[in-house]
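Written out below as structure tokens is the structure these notes cover.
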Amino acid sequence: MNKVLIVEDDPVIAKSVADHLMTWQMQVRCAKDFEKIDEEATDFQPDIIIMDIKLPYYNGFYWCSQIRKNSRVPIVFLSSVDDNMNIVMAMNMGGDDFISKPFDLQVLTAKLQAVLRRSYGADLTSHTLECGEVCLNLDDTSGSVSGKRVELTKNEFLILKTLMEKQGKVVSRETIMERLWGNDEFVDDNTLTVNVTRIRKKLEMAGVRDFIGTKRGIGYMVGKEE
């Protein structure tokens with residue numbers, strides 16, 4: 001899961017971009033302390049940074065130069081100040097791309113992915129799924145909570161994987177059952193309920209409560225509802 005730090009003074013734009021990128025299974029943080037952007041980047045360790053030019057205290061050019069002293073993390077400028085001088089300045093200060101406001105979220109996502117591919121190549125492929133403190137390792141089908149391993153059966157792992165791939169959205173019971181057991185009409189519907197109950201108990205024992213939400217008569221979901 002790629003980590004994105006959004007450095008944007010407009011909270012509406014920041015939230016809109018963050019919500020959209022999370023639907024693409026990206027882990028997102030919106031900068032809060034505009035006097036310490038370099039410290040936020042060091043703490044979060046993002047794979048890519050979205051940086052506005054006009055910011056409180058210091059502008060995006062300044063923070064790009066500060067981050068570049070210690071990191072080569074890709075930085076994509078996002079700004080309404082899109083004259084040639086500012087675009088050239090953004091590139092000269094170490095930026096990797098420049099996106100003008102207003103912008104389309106799909107185009108923004110495509111450009112971010114292109115920068116990530118150029119920067120990391122084959123390493124871009126994510127081998128984990130994360131939602132809050134819960135992480136699934138797709139290589140060995142294991143789970144963990146805040147780094148502590150949680151033992152999961154094959155079906156439990158597949159249920160969590162199905163829900164975490166669609167975090168923020170309700171997944172129907174039918175969709176989950178088809179993912180696990182195909183079109184086997186003889187599978188008892190109660191089997192899914194039993195598996196979900198076991199997952200909840202294991203996560204609660206690891207310190208995470210109410211991770212899987214129930215939409216009565218529809219299905220289950222994880223994460224904040226969109």
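If you take the residues of region 84-125 that are in a loop (DSSP other than H, G, I, E, B) and touching a Leu at 6+ places or on another chain (Cβ under 8 Å), which of them is surrounded by the fewest Cβ atoms within 10 Å (Cβ to Cβ)?
101
Among the residues of region 39-74 satisfying the criterion of being within 19 Å of the chain's Cα centre (by Cα) and in a helix (DSSP H, G or I), which is surrounded by the most Cβ atoms within 10 Å (Cβ to Cβ)?
41
Can you say whether residue 77 is in contact with a helix residue (DSSP H, G or I) (Cβ under 6 Å, 6 or more places away or on another chain), surrounded by 14 or more Cβ atoms within 10 Å (Cβ to Cβ) and without any contact (Cβ under 8 Å) to a residue 24 or more places away in the chain, as far as the supplied structure shows?
Judged against the criteria, residue 77 is not a match.
I'm checking my understanding of the structure. Among residues of region 10-35 that are within 17 Å of the chain's Cα centre (by Cα) and among the β-branched types (Val, Ile, Thr), which one is farthest from residue 222 (Cα to Cα)?
For region 10-35, the residue satisfying everything is 13.
Could you please find all residues in region 75-120 being within 19 Å of the chain's Cα centre (by Cα) and of a type in the set (Gly, Ala, Ser)?
110, 114, 119
Only one of 118, 173 is in the same structural domain as residue 29 (by TED's automatic domain parsing), modelled with pLDDT of 80 or more and among the charged types (D, E, K, R); which?
Criteria check complete, one pass: 118.
I'd like the full set of residues that are hydroxyl-bearing (Ser, Thr, Tyr) and at pLDDT 85 or above, limited to region 121-147.
Of everything in region 121-147, just one residue is hydroxyl-bearing (Ser, Thr, Tyr) and at pLDDT 85 or above, namely 144.
Which of the following residues is modelled with pLDDT of 85 or more, acidic (Asp, Glu) and more than 17 Å from residue 23 (Cα to Cα): 82, 96?
96
For region 147-226, please list each of the helices (runs of 4 or more DSSP H) lying entirely inside it that holds at least 3 residues being surrounded by fewer than 19 Cβ atoms within 10 Å (Cβ to Cβ) and of a type in the set (S, T, N, Q).
Because the criterion is at least 3 residues that are surrounded by fewer than 19 Cβ atoms within 10 Å (Cβ to Cβ) and of a type in the set (S, T, N, Q), the helices (runs of 4 or more DSSP H) in region 147-226 that meet it are 189-205.
Right, residue 136: touching a residue at least 12 places away in the same chain (Cβ under 8 Å), crowded, with 18+ Cβ neighbours inside 10 Å, assigned by TED's automatic domain parsing to the domain that holds residue 212 and over 22 Å from residue 20 (Cα atoms) or not?
Spelling it out, it is not the case that residue 136 is touching a residue at least 12 places away in the same chain (Cβ under 8 Å), crowded, with 18+ Cβ neighbours inside 10 Å, assigned by TED's automatic domain parsing to the domain that holds residue 212 and over 22 Å from residue 20 (Cα atoms).
The values are calculated or read from the model by the stated rules, or taken from the named source; none is laboratory data. Note that this is a predicted model, so its numbers are computed, not measured. Heads up, the Cβs are rebuilt from the backbone with ideal geometry, glycines too, and the neighbour counts pull from every protein chain shown.
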